[in-house]
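One structure is given here, and the rest of the page talks about it.
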Amino acid sequence: MVALLNTFGLSYEPISIFGPCTGVGLASKAQVAAALAEIFRKTNYQPANCVMGIDLIPLPQFPALQTNQLGPLLVRVKPIPTQKAGAVIRWAVEVSNPTNASYDLSWGDASLDYVLLDAQGQPVRWLNKNFFNMYGAFTQCPPQSVCTPDLALRDRDRELRLRSLVADRPLPAGTYTLRVNVKDTTLGGQTFNITLPDVTFEVVR
């Protein structure tokens, strides 16, 4: 299916935890629907397990304010060193407690989203999860300490592929920016939805 959509100039990358018919891509749902209609008419191709066709996950919309404050706690995207084009990297959010009190911060499967931007500020990849949290996790924050563990997702969602959504090519060398949204996280009975300060890193060939 990916190759067929690429022939129409549309990018599409399946997200495995949802099956082969849900993914992200640089196209509108209308464009994908038109391409699928043409593909089905010409080839009668029926993707496995697809009843209603392809579901395209859109670019997430984050709150404009960027802050490193999560209540009394401080949060930041952990720095990302220079990376090779095409690499798969892991990302996480570090939480620290500058106060003299102890805290437990809880989150779930859908609590972290990101957008990866190129040097022109254009999105090249993203994670946009909008569903009921499937699991609960928490980090312990002793006084005057870095909280453990990091605020992070599991498995594939924690991975960031430095590859294009179009034809799965390695990203061009250059400067990239990772913008992360922290949502549906709970601290002391308060639920947060914040956008963290950007983290910039280099991609080289």
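Key figures
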{"quantity": "Given charges at Cβ of Lys, Arg, Asp, Glu: the stretch 155-205 dipole, positive-most of LEU160, VAL203, LEU187", "calculated": "VAL203"}
{"quantity": "Computed E for GLN66/SER102 - FRET, C-beta separation, R0 25 angstrom, nearest 0.05", "calculated": "0.40"}
{"quantity": "Spacing of the two label points (7 Å from each Cα toward its C-beta) at ALA37 and ASN193, in nm", "calculated": "3.4"}
{"quantity": "Percent carbon-and-sulfur accessible area, the stretch 57-165, ignoring ligands, DNA and RNA, probe 1.4 Å", "calculated": "52"}
{"quantity": "Whichever lysines have a C-alpha closer than 20 Å to that of LYS129, once near sequence neighbours (fewer than 8 apart) are set aside", "calculated": "LYS29, LYS183"}
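The values are calculated or read from the model by the stated rules, or taken from the named source; none is laboratory data. The structure presented is a predicted model; accordingly, all values stated were derived computationally and were not measured. Positions of Cβ are generated from backbone atoms using ideal geometry, with glycine treated the same way; all protein chains shown enter the neighbour counts. Heavy atoms of the whole protein, side chains included, go into the accessibility calculation; ligands, DNA and RNA do not. Shrake-Rupley method; radii C 1.70, N 1.55, O 1.52, S 1.80 Å.
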